[in-house]
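Undergrad: My structure is below; once you've seen it, I'll send some questions.
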Amino acid sequence: MFVLNRFHQPIFDWFVNPNGNAVMRGVAGCGKTSTLVEGVKQIPFSQQSNLMVSSYTTSTVADLKSRMPKAVDVRSINSYGYMALRNAFPDARWDFENGKNKYRQMARDLEVPIQYGDAKTVRDAIVSIVNFAQLTLTPLEIEPLVQMAKRFNIQLPPTAPMEQIADIARQMLERGIEQCQTGFASFSDQSYVPVMLNLPLPKRQRIILDECQDASKVNM
């Protein structure tokens, strides 16, 4: 049972009459998600279908769906990205099962020069650069990728040239974007590729995100 206290009213007021953005902060277990659900219920029914309520994991989304008014569209962030991909490439045959490992498979297929040092370490570093580049929307140019790799302390053998490694990651990302247009997509592609290709996203008057502290640049 939801117990209302004096701290909830300003939050509910925002749900009914939003003025700019709002962030709800609180310690773990204090009831932020329950407050979010009750806040959505304060919104007039005629406006609920214009809401986007989202989170990251399928289990959280399922829990939100079970507690939200039926008119509210509740999906994971990746689901919204997939909608954009599906609309942009209607003839694609989507393969997320095999696609989930596509960048690691690209790295496995690389012939790492012996002078670069341990091949597995190099391949792992390339995959890390790809992953962080997607999360941070790093420009697909060598110098920004090098700086991003340094910022996240991605380790390479001392003899591996970072510029060449960054260039390999850049080529993999470009190839991954092309593959996604035919349906061969990773989990991260669902958020990343719509942004990189500037694809139209479903429009909503208001976006409500649970666990927003976990958002990366590509999600926002």
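Undergrad: Using the Cα centre as the reference, give the magnitude of the dipole from point charges on the C-beta atoms of the chain (Lys, Arg: +1; Asp, Glu: -1; all else neutral), rounded to the nearest 20 debye.
TA: It comes to approximately 780 debye.
Undergrad: Something else about it: Per-residue ellipticity at 222 nm for the chain, helices alone: DSSP H runs ≥ 4 residues times -39500 (n - 2.57), over residue total, nearest 500 deg cm²/dmol?
TA: The helix-only estimate for the chain comes to -15000 deg cm²/dmol at 222 nm.
Undergrad: Amide H to amide H, which residues 5 or more places from Asp73 or on other chains are under 5 Å from it, using H placed in the peptide plane?
TA: Excluding prolines and chain starts, which carry no amide H, the hits are Leu51, Val53.
Undergrad: Also, I was wondering about something else. Taking only the Cα atoms of segment 1-50, how large is their convex hull per residue, in Å³?
TA: With only Cα atoms used, segment 1-50 gives 93 Å³ per residue.
Undergrad: To continue, here is another question. Going by the alpha-carbon gyration tensor, a ≥ b ≥ c the square roots of its eigenvalues, is segment 80-153 rounded (a/c under 1.5) or, if a/c is not under 1.5, prolate (a/b greater than b/c) versus oblate?
TA: Cα axes put segment 80-153 in the oblate bin.
Undergrad: Turning to a different aspect of this structure: Which value, to two decimals, describes the C-alpha radius of gyration of segment 52-112 once divided by 2.2 N^0.38 Å?
TA: 1.53
Undergrad: Which Rg and Dmax, in Å, describe the Cα atoms of segment 112-202?
TA: Values for segment 112-202 (Cα only, Rg and Dmax): 13.7, 48 Å.
Undergrad: Of Ser46, Ser54, Ser188, which has the most accessible area with a 1.4 Å probe, and how do the rest follow in descending order?
TA: Solvent-accessible surface, decreasing: Ser46, Ser188, Ser54.
Undergrad: Measuring with a 1.4 Å probe in the full set of protein chains, what accessible area per residue, in whole Å², belongs to the chain?
TA: Per-residue value: 58 Å².
Undergrad: Which entries in Lys32/Lys70; Lys41/Lys70; Lys32/Lys65 show an alpha-carbon gap greater than 18 Å?
TA: In this structure, Lys32/Lys70 exceed 18 Å between Cα atoms.
Undergrad: How large, in percent, is the carbon and sulfur part of the accessible surface of the chain at a probe radius of 1.4 Å?
TA: 52 percent
Undergrad: May I pose another question? Using a 1.4 angstrom probe with every protein chain in place, what is the largest-first accessible-area order of Asp63, Asp91?
TA: Per-residue accessible area, sorted high to low, gives Asp91, Asp63.
Undergrad: Just the number: Rg to Rh for segment 2-105, Cα atoms, Kirkwood Rh, two decimals.
TA: That ratio is 1.07, to two decimals.
Undergrad: So, one more: Could you give the angle, 0 to 90 degrees to the nearest 10, between helix 162-180's Cα long axis and the longest principal axis of the Cα atoms of the chain?
TA: 60 degrees
Undergrad: How much space per residue, in cubic angstrom, does the convex hull of the C-alpha atoms of the chain take up?
TA: So the per-residue Cα hull volume is 149 Å³.
Undergrad: Quick one: 3J(HN,Hα) in Hz for segment 120-136, Karplus 6.51/-1.76/1.60 with θ = phi - 60°, rounded, Gly and Pro as x.
TA: 5, 4, 5, 4, 4, 5, 4, 4, 5, 4, 4, 4, 5, 5, 5, 5, 9
The values are calculated or read from the model by the stated rules, or taken from the named source; none is laboratory data. Values in this document were obtained by computation on a predicted structure and should not be read as measured data. Don't worry about glycine lacking a Cβ; one is built from the backbone with ideal geometry, like all the others, and counts go over all protein chains shown. Side chains included, ligands, DNA and RNA excluded: accessible areas come from the protein's heavy atoms. Shrake-Rupley method; radii C 1.70, N 1.55, O 1.52, S 1.80 Å.
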